[in-house]
Amino acid sequence: MSELPEYYFRVRENGAAVYRVDTQNRQRRIEMTEIAVVNVKNGRVKPHGTHELTPEERAAIDDWMDERVALLARRDLDDIHRTIDHLNLTAHWAQSRASDTDLEDVTDRLLLAMHDLRSVLVRKKADRLTKGDRG
């Protein structure tokens, strides 16, 4: 069996519960002791109970948080690229396979969502162009 990591991060919606992993007991069983809860949204690290985090524990948590934030950012961008694909597939569906009933069901919601997205994208592009003129 490969060596287990020293810490385990049980992912939660906004971060993780952090556990110290121990196999150095008489029964050679895996024991996990919760040492902290972390929130990647606000960067908060809250020690569990009366536990005081060691510098090594804090460094491991900080490294995990940095990696997690980067992973979530990559996933966000990947989701956007998938959305572009879905928009293209939706256009093909609407043109080639959708029934009048299907289109009636989705047209207004799609048009509003696309209008909202277009408005945001145009405003953000204008902001970037304006910054470029000033810079």
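The values are calculated or read from the model by the stated rules, or taken from the named source; none is laboratory data. Here the structure is a predicted model, which means the values were calculated and not measured. Cβ: placed from backbone, ideal geometry, glycine included. Neighbour counts: every protein chain shown.
How many residues, within region 107-135, are polar (S, T, N, Q) and modelled with pLDDT of 95 or more? Step through it out loud before you land on a result.
Step one: of region 107-135, the residues polar (S, T, N, Q) are 107, 119, 130.
Next cut, modelled with pLDDT of 95 or more only: 107, 119.
Count: 2.
Could you list, in sequence order, the residues of region 42-61 that are surrounded by 11 or more Cβ atoms within 10 Å (Cβ to Cβ), within 23 Å of Leu72 (Cα to Cα) and free of Cβ contacts under 8 Å to residues at least 40 places away in the same chain? Let's see the steps before the verdict.
If we filter region 42-61 for residues that are surrounded by 11 or more Cβ atoms within 10 Å (Cβ to Cβ), which is where we start, we get 43-48, 51, 53-54, 57-61.
Within this subset, residues satisfying the condition of being within 23 Å of Leu72 (Cα to Cα) are 43-46, 57-61.
Correct list: Gly43, Arg44, Val45, Lys46, Arg58, Ala59.
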Checklist entry - Which pairs do you get when a residue that is surrounded by 10 or more Cβ atoms within 10 Å (Cβ to Cβ), found in region 98-118, comes within reach of a residue that is assigned to a helix (DSSP H, G or I), reach meaning Cβ atoms under 7 angstrom, with the pair 6+ apart or on two chains? => result Leu103/Ala94
Checklist outcome for this item: Flagged in region 68-82 as among the charged types (D, E, K, R) and surrounded by 12 or more Cβ atoms within 10 Å (Cβ to Cβ), in numbering order, are Arg68
Checklist outcome for this item: For region 15-40, the count of residues that are in a loop (DSSP other than H, G, I, E, B) and modelled with pLDDT under 95 equals 8
Checklist entry - Does Glu52 satisfy the condition of being at pLDDT 95 or above, of a type in the set (Asp, Glu), within 30 Å of Phe9 (Cβ to Cβ) and not in a helix (DSSP H, G or I)? => result yes
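Out of Thr23, Thr50, Thr90, report the one residue that is among the hydroxyl-bearing types (Ser, Thr, Tyr) and touching an Asp or Glu at 6+ places or on another chain (Cβ under 8 Å). Walk me through it before giving the result.
Working: Thr50 fails: touching an Asp or Glu at 6+ places or on another chain (Cβ under 8 Å); Thr90 fails: touching an Asp or Glu at 6+ places or on another chain (Cβ under 8 Å).
Among Thr23, Thr50, Thr90, only Thr23 is among the hydroxyl-bearing types (Ser, Thr, Tyr) and touching an Asp or Glu at 6+ places or on another chain (Cβ under 8 Å).
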Checklist entry - Tell me, which residue of region 13-39 that is in contact (Cβ under 8 Å) with a residue 12 or more places away in the chain and of a type in the set (D, E, K, R) is surrounded by the most Cβ atoms within 10 Å (Cβ to Cβ)? => result Arg20
Checklist outcome for this item: Asp85 vs (1) exposed (fewer than 11 other Cβ atoms within 10 Å of the Cβ); (2) touching a residue at least 12 places away in the same chain (Cβ under 8 Å): all pass except (2)
